[in-house]
Amino acid sequence: MTGRYDVIVLGAGAAGMMCAIRAGQRGRSVLVLDHAAAPGEKIRISGGGRCNFTNIHAGPKNFLSANPHFAKSALARFTPADFLAMVERHGIGWHEKTLGQLFCDDSAKDIIRMLTDEMRVAGAQLRLRTEISGIEQKAGGYRVSTSEGAFEASSLVVATGGKSIPKMGATGFAYRIAEQFGVPVVETRPGLVPLTLDPQLLQRLAPLSGIAAPAEIRHGKTAFREALLFTHRGLSGPAILQISSYWREGEDITVAIEPDIDIFALLKKAKQVNGRQSAQTALAEILPKRLAQHIVESEGISGNMADLSDKRLQQLAASIQSWPVKPSGSEGYRTAEVTLGGIDTACLDSRTMQAKTNPGLFFIGECVDVTGWLGGYNFQWAWASGHVAGEAA
Ligand code: FDA
């Protein structure tokens, strides 16, 4: 089989479907190809099954890229309010969870249904279980060879995502296409990923596995205040996932547990009020019991608070609120929510996502060197970059 279209989109994920909708609405004939058995598989598992589909505060400052200005144009032209309007038009219930993060009330599948319905109305065709074996540039466009035959189009949009979660079919295919067409790729690495600890430290922290606490995690000038989770592999929770995108192998992070509480003042007061209580009892007022126990034991503290000098209390507070940790690594693409780096934005037109050197070739979504924080920002980038490419392809 062969077929000729105006636009072929590779990848029926968040970015690819949004692009297909916009291009179809403009009257372009659109074919979307995907090797998976269902569209939007990452949408389905996102946000614990409820899809954190955008963040009302999303702006360029929430993204990492070699060029922090690149995302501005697309983010301004398709905003969280634009996506929310589509969600509301489809009668999908939603709520704000925290920090501007918007989630479906019921299921992430509502978002997939909305996107596939919109594609159908826009006349975009979707072909699943289609393996792509080759791409050629031809006069007037591109030819895509697949397990289902060859298809041609004047515009080819690459929306095949990054390398995260290979078990779900992530292949890094976009980077190979970029290489084929001489488009440079910024070094890729896992982002929004749990950090691991060396075996010695891990053994010491083993009793804490499963404990969560509010924390501020700092790396250089960057800091995030969200939950920290101790795991049997190391450290996780939103605060760690956020900082992981900034951290590099061999570097330290600084952990402050309960950053809104002045722990030294709290300990001093507890000593004044009841000198006969232990530091562990005083700490257990604000920390999980097991964590309080672990901290006093690691600091070698026992006995009554009355016997502890202010200096000792200060040291104890510092061990909780300025704890330097050197992660040994990360859990890698196996569990990373996103891929940092990707198609070099210097080679893309920020208004259209078109490759400057290859007319008709577009890259959108996660494969581009634009990576959002945790909290709905990555989907907002997928919608925005997909939309602007759909306006131009
Ligand atoms: P995406 O990966 O969604 O789509 C790529 C598509 O291309 C897939 O359908 C794939 O099958 C297809 N494909 C890949 N290789 C191919 C090939 N060789 N041939 C044919 N097809 C191919 N973000 C957020 O904002 N809020 C959230 O709640 C979450 N939650 C979340 C949870 C988990 C567990 C993960 C792993 C990730 C998230 N994310 C998230 C991140 C978010 O899922 C991600 O940023 C977007 O899905 C990226 O959209 P894309 O369309 O670029 O790629």
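Every number in this text was worked out from the coordinates using simple rules, so none of it is lab data. Note that the structure is a prediction, hence the values are computed from the model and not measured. For neighbour counting, all protein chains shown are included, and Cβ atoms are generated from backbone atoms with ideal geometry for every residue, glycine included.
Data table
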read-out	value
Where a label projected 7 Å from the Cα of Asn304 along Cα→Cβ would reach, residues of the stretch 267-290 with amide N under 11 Å	274-278
Highest-fluctuation residue, Ala215, Ala153, Ala81 considered, GNM on the chain with Cα pairs under 10 Å	Ala81
Kirkwood hydrodynamic radius of the stretch 287-393, from inverse mean 1/r over distinct Cα pairs, in Å	18.4
Equivalent ellipsoid semi-axes - Cα gyration tensor, the stretch 245-307, angstrom	28, 13, 10
Point-charge dipole on Cβ atoms (K/R +1, D/E -1) for the stretch 123-280, about Cα centre, debye to 20	440
Zero-based 5 Å bins, Cα pair distances in the stretch 200-254, whole percents	4, 21, 27, 25, 18, 4, 0
FRET efficiency estimate (nearest 0.05) - Cβ-Cβ, Arg176 to Asp252, R0 41 angstrom	0.70
Rotationally averaged projected area of the stretch 85-130 (alpha carbon convex hull; nm²)	4.3
Shape box of the stretch 124-211 [Cα atoms, principal axes, largest first, Å]	63, 28, 20
Lysines with Cα under 19 Å of Lys289, excluding same-chain neighbours fewer than 8 positions away	Lys271
Set of lysines near Lys269 by C-alpha distance (under 16 Å), chain-local residues within fewer than 8 positions excluded	Lys311
Once the Cα gyration tensor of the chain is diagonalised, semi-axes √(5λ) in Å	48, 20, 17
Ranked Trp381, Trp94, Trp323, Trp373, criterion: other C-beta atoms within 10 Å, fewest first	Trp323, Trp94, Trp373, Trp381
Spacing of the two label points (7 Å from each Cα toward its C-beta) at Ala265 and Ala346, in nm	4.9
The stretch 256-272 and the stretch 1-35: distance between their alpha carbon centers, rounded to Å	57
Computed label-point distance, nm, for sites Glu297 and Arg120 using a 7 Å Cα→Cβ extension	5.9
Per-bin percent of Cα-Cα distances, the stretch 188-286 [10 Å]	15, 39, 30, 13, 3, 0
Helix-only CD estimate at 222 nm, as mean residue ellipticity for the chain, using -39500 (n - 2.57) per DSSP H run (n ≥ 4)	-9000 deg cm²/dmol
Assigned charges on the beta-carbon of Lys, Arg, Asp, Glu; the stretch 306-393 dipole about Cα centre (debye)	200
Fraction of the pair-distance distribution of the stretch 112-172 above 15 Å, Cα-Cα pairs, percent	65
Simple label model, 7 Å out from Cα along Cβ direction - Gln314 to Arg4, nm	8.0
Entries in Lys72/Lys138; Lys61/Lys221; Lys221/Lys326 that, when Cα-Cα distance is taken, lie over 25 Å	Lys72/Lys138
Pairs of Cα atoms farther than 22 Å apart, the stretch 38-172, %	53
Order of Glu285, Glu216, Glu148 under a 10 Å beta carbon neighbour criterion, fewest first	Glu285, Glu148, Glu216
Debye log10 I(q)/I(0) at q = 0.13, 0.26 Å⁻¹ for the stretch 78-157, Cα point scatterers	-0.63, -1.22
Where GluC sites (Glu not before Pro) fall in DSSP loop in the stretch 64-135, at most 15 other Cβ within 10 Å	Glu131
Cleavage-rule hits (trypsin sites (Lys or Arg not before Pro)) in the stretch 177-254: DSSP loop, at most 11 neighbouring Cβ within 10 angstrom	Lys221, Arg248
Nearest-20 debye value, the chain charge dipole, Cβ charges on Lys, Arg, Asp, Glu	60
